[in-house]
Each structure stands twice: as C-alpha cells, then as structure tokens.
Amino acid sequence: MQLDIIAITDHNSTLHCALTQQLGKRAGVFVVGGAEVTSREEVHCLALFASDESLTEFQQFLEDHLPYVPNNPDYFGDQVVIDEHEVIIEQVPTLLISALTASLADIEAKVKELNGLFIPAHVDRPSYSLISQLGFIPESLQADALEIHRKTDPAQFRDQYQVDPNLALLKSSDAHMLKDIGRGYTLFEMEEASFSEIGKALAGIAGRKVVAA
C-alpha cells in the first residue's frame with residue numbers, strides 16, 4: 001500500500017513534527033504535524049496544524065498544562081527526541097501519557113485559535129475515547145471530523161450515535177510501531193496534498209471529500 005499523506009501525532013508532544021516533515025519531503029510523503037492530546041477527562045483527541053509557528057505555540061500549551069509527573073524509563077520507556085541520524089538530542093523528563101489539566105473544550109478552543117484541525121480520536125474505542133469517558137458525543141463539540149476504529153462500519157456508527165451526516169469520519173492506523181502504519185486509512189479526494197485541501201475535504205467543500213476505507 002502507498003500512503004501519500006500521514007500525520008505525526010505523538011502523545012502530548014509536537015517535538016518530532018519538524019523532523020518527520022523534513023524526512024517526508026525527501027520521501028515524497030506529505031506529513032501533517034500535530035499531537036494526540038489527552039484531555040482532563042482522559043479523552044484522546046488529535047490536534048493538527050499547518051505551520052511551524054502554530055506547532056510551537058501548541059507545544060507551549062501542552063507544556064503549560066501537562067502535570068509534572070517524572071517519567072520512569074524502566075517502566076514506561078525512554079522519552080527521547082532524536083535528529084535525522086537517530087542521535088538523541090533531548091530526553092523529556094515529564095511523563096507524556098498523563099492527562100492534561102486542560103479540558104476537552106479548552107483543547108478544542110486552543111486548536112481553533114491556531115487555525116488547526118480538531119479531531120477526537122478513536123471515539124468508539126473502549127478506553128480513552130469520547131464514548132468511553134463521556135458516554136456520548138457532545139452536541140456542543142466543534143470537531144472537524146471524528147476518528148473511528150478501522151474495523152467500524154461508518155454507516156452503522158452514524159446510525160447508532162446519531163452523528164451529523166455532514167461530519168466526516170476518518171480511519172487511521174493509530175500506529176505506535178512501524179509495522180502498524182497503514183493498517184487503517186482514509187481516502188481523500190482533493191486537488192493536492194496540502195493542509196488547506198485536507199480541511200476542505202473534511203468539510204466537503206467544492207467537491208472534496210473523505211471516504212473512511
């Protein structure tokens with residue numbers, strides 16, 4: 001399978017976005033930078049951004065709201081930042097899998113302030129999801145899309161949870177290891193691989209659209 005677009009979304013961190021985008025350009029893959037954020041309610045959500053400036057500001061938001069719990073490398077593993085030669089240039093001391101002090105609404109507002117895309121992650125998963133943590137999909141949620149499990153039937157999901165037919169549904173690999181990349185994917189019908197076109201496809205603007213495969 002060939003992937004034309006991927007997103008780099010480490011947990012509560014954007015620190016590898018610039019490197020991954022740099023390597024993606026060399027390989028002919030468009031890389032969207034962002035993070036998979038854990039809200040105060042322990043809901044995972046994807047925050048995606050168009051510019052380096054937005055990523056930098058969102059990284060500061062993450063650091064401001066991540067409680068200081070020291071990482072235990074023997075238990076959780078090392079949290080390292082590497083360069084293109086896989087040389088460690090930084091170790092992150094704060095445990096990145098913790099929930100932020102910011103609520104789901106706070107995170108959504110910050111993403112929108114930075115003109116990003118806000119996508120609740122794996123919403124039908126039995127843990128760390130909208131449905132597992134809240135029991136429902138809030139009507140006030142201003143999401144650009146919802147990510148569903150790669151084996152979920154989109155039509156059945158919409159019917160079961162009464163999802164707006166105009167709200168895009170995505171499937172992704174949610175990969176934590178290289179071998180899992182591409183196990184779930186979404187088809188984007190748009191004019192070019194760009195952040196603005198991705199936004200138009202999610203919104204269904206001017207013939208653009210997404211199809212959760």
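The values are calculated or read from the model by the stated rules, or taken from the named source; none is laboratory data. Given the structure is predicted, the values throughout are model-derived calculations rather than measurements. FYI the Cβ positions are ideal-geometry reconstructions off the backbone, even for glycines, and counts take in every protein chain you see.
Give me the pairs: first residue in the stretch 1-17 and on the phi > 0 side of the Ramachandran plot, second residue surrounded by 18 or more Cβ atoms within 10 Å (Cβ to Cβ) and of a type in the set (Ser, Thr, Tyr), beta-carbon distance under 7 Å, and six or more apart or on different chains, which are they?
Asn12/Thr38
For the stretch 43-60, indicate whether the set of residues that are more than 21 Å from Gln142 (Cβ to Cβ) and touching a helix residue (DSSP H, G or I) at 6+ places or on another chain (Cβ under 8 Å) is non-empty.
Yes, there is a match, as at least one residue in the stretch 43-60 is more than 21 Å from Gln142 (Cβ to Cβ) and touching a helix residue (DSSP H, G or I) at 6+ places or on another chain (Cβ under 8 Å).
Only residues that are within 18 Å of Glu36 (Cα to Cα) and of a type in the set (S, T, N, Q): list them for the stretch 129-168, please.
Within the stretch 129-168, Ser129, Ser132, Gln133, Gln142 meet the criteria.
In the stretch 7-53, which residues are within 14 Å of Leu117 (Cα to Cα), polar (S, T, N, Q) and touching an Asp or Glu at 6+ places or on another chain (Cβ under 9 Å)?
Residue satisfying the conditions is Thr9 alone.
Kindly provide the set of residues from the stretch 64-82 that are surrounded by 11 or more Cβ atoms within 10 Å (Cβ to Cβ), in contact (Cβ under 8 Å) with a residue 12 or more places away in the chain and either more than 22 Å from Ser127 (Cβ to Cβ) or among the hydrophobic types (A, V, I, L, M, F, W, C) (or both), ordered by number.
Matches in the stretch 64-82: Leu66, Val69, Phe76, Val80, Val81, Ile82.
Here are Val32, Val37, Val43: which of them is modelled with pLDDT of 95 or more, within 15 Å of the chain's Cα centre (by Cα), under 21 Å from Glu197 (Cβ atoms) and hydrophobic (A, V, I, L, M, F, W, C)?
Result: Val32 is the single residue among Val32, Val37, Val43 that is modelled with pLDDT of 95 or more, within 15 Å of the chain's Cα centre (by Cα), under 21 Å from Glu197 (Cβ atoms) and hydrophobic (A, V, I, L, M, F, W, C).
Please go through the stretch 124-158 and pick out each residue that is out of contact with any helix residue (DSSP H, G or I) (no Cβ under 7 Å at 6 or more places or on another chain) and loosely packed, with under 14 Cβ neighbours inside 10 Å.
Ser127, Gly135, Phe136, Pro138, Glu139, Ser140, Lys151, Asp153, Ala155, Gln156
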